[in-house]
Structure formats: structure tokens, C-alpha cells
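Notes follow the structure.
The values are calculated or read from the model by the stated rules, or taken from the named source; none is laboratory data. The structure presented is a predicted model; accordingly, all values stated were derived computationally and were not measured. All Cβ positions, even for glycine, are placed from backbone atoms using ideal geometry, and neighbour counts span all protein chains on display.
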Amino acid sequence: MHKFEKAGFVGPFKLETIVSLPSPAIGEANPGAFQSELKSSFEIAGKFGVGLGSCDVCGQPLVHNAIVSCDGGSFTVGLDCAQHIGDPCLADVAKVEQANIVREQGRIRREAKREAKRQVWLNSKTSTGETNQEKLDREAAERRAEREAIEKREEARKEILEPIAKVLEDGKNGFRDSVATGLRRGVTPSGNGLFIACEIFGKASGRRGSAKFNEAFALAENIFAEAKNI
């Protein structure tokens, strides 16, 4: 007689689904998530009219519940019992699921061990007298402050260079527009390009050699120098 029939169930038997109850560890870390998963598990079981948490064949307590249908209803068994379902294909599903669960449990244990070691290291003192966690937090704050300072300098440089960018921009997608685009990114020309940019800026105020040209040319040089020193 089939193992399930000895327990009072009548075949044919079919493995419908496998429902796992949430880990108590989830309840400790996130009670809301635990209750949500628990509710979802029992809602699935309710569709088949079965309970969860114990095997209807051998009475063992269960975390992973295989729901099996039979003539007249459904019942719940553990994964070990599910492998005796009588259909090799369906039994293999239970075996694969059990192997997956064992693998996942191993992964969780390894992860927990790594996290425990990490916590020990984080709380250990360094040569500076800080814990490793305090050192990491300080270094992260310093990196944020450095990034913010760099961004602030870049914005200041763009603002300083904007008057020259406005004069150089002519909408012809040539040298002038190229330099203007660079200036708006905080990038200044160099060498002959710098001289030409100053000259174009000067010519916008007067012809070459005039007092206004010289004044504007000198202003452009000062602006580029100021931007470089930021």
C-alpha cells in the first residue's frame, strides 16, 4: 500500500505546489515583512483547503510544505514524503526543490558567518583609536566633502568664464562655439587657442590696438587666470 494511502488518503496523487514559511530571522529583522509573507503562505494553502507547518502523513513539523492533491481533496507533506508521491517526474520536482532549499540554507549560513566576521572587524579598533566603522564613516564623509568642494570650484569656474563664453558663441559650430562649450564646462583653452579667445573677446569691444580692445583683452586674460587658480 502507498505511504499516503496508509495515512488515509486516496490516489491518484499530484504535487500541486510547495509553500515555504518565512524564516523567524525575518521576523526579528522585519516583523512587517514576516507577517506579510506568513499571510501570503496561508492564503495559498487556503486555496487548497490545507494547513501548513506539519506533515499530514508523518506528523513532522515543516517549514517547506508540499501540497499534494488526491481523490477527495488535498493534504500537506514535507519534501521527504513528497518524494514518495508515486510519479517519478513529480517526485523529482520535490527532490530538486529540496536540493535548492539545502543550497539556499547553506548560502544563508555562509552569509551570516561572513557578516558576523565583518561586524567583529567593524567594531575593532584601528591605530588611530577609531573603530573600523568610524574610520570608514569618516573617510566616506571626507570623500563627500572633497567631491562637493570640487563641484563648487567647477561651478565657480563656469560662472567666471561665462562672460567670455557669451561673447565667443556665434552659432556657427566652429572654433568659437567649440571654445564656448568648453568654457561652460569649466574647460579653458591653452596655448594659441587661449590667445585667440582673448583676441576675439577684445575685438568685441573695439578694433585691435585700440584702448577698448586692450582693456577687454587684458580682462579676458585676468578672467582665464582667475579661473585657472580656482
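Summed over the range 200-219, the residues that are surrounded by 15 or more Cβ atoms within 10 Å (Cβ to Cβ) and either part of a helix (DSSP H, G or I) or polar (S, T, N, Q) (or both) give a count of 9. Just to be sure before I move on: is Ser127 farther than 21 Å from Ala220 by Cα and of a type in the set (Ser, Thr, Tyr) in the structure I sent? Yes; evaluated as a whole, the condition is true for this residue.
Within the range 132-140, identify whether any single residue is under 30 Å from Ser23 (Cα atoms) and not hydroxyl-bearing (Ser, Thr, Tyr), and answer yes or no. Explain how you work it out, then say what you get.
As a first pass, look at the range 132-140 and keep what is under 30 Å from Ser23 (Cα atoms): 133.
Now restrict to residues that are not hydroxyl-bearing (Ser, Thr, Tyr): 133.
Yes, the range 132-140 contains at least one residue that is under 30 Å from Ser23 (Cα atoms) and not hydroxyl-bearing (Ser, Thr, Tyr).
Please determine whether any residue of the range 153-169 is part of a loop (DSSP other than H, G, I, E, B), of a type outside the set (Phe, Trp, Tyr) and over 42 Å from the mean Cα position of the chain (by Cα). Checked the range 153-169: no residue is part of a loop (DSSP other than H, G, I, E, B), of a type outside the set (Phe, Trp, Tyr) and over 42 Å from the mean Cα position of the chain (by Cα).
The C-beta contact set for the range 25-36 (first residue surrounded by 11 or more Cβ atoms within 10 Å (Cβ to Cβ), second residue at pLDDT below 70, distance under 7 angstrom, 6+ apart or interchain) comprises Ala33/Ile26; Phe34/Ile26; Phe34/Gly27. Restricting attention to the range 36-59, the residues that are out of contact with any helix residue (DSSP H, G or I) (no Cβ under 8 Å at 6 or more places or on another chain), on the phi < 0 side of the Ramachandran plot and not aliphatic (A, V, I, L, M) total 11. Among the residues making up the range 186-199, those that are surrounded by 13 or more Cβ atoms within 10 Å (Cβ to Cβ) and more than 27 Å from Ile150 (Cβ to Cβ) are Phe195, Ile196, Glu199.
Evaluation of Gly46 against the conditions (1) at pLDDT 90 or above; (2) buried (at least 18 other Cβ atoms within 10 Å of the Cβ) shows that the sole unmet condition is (2).
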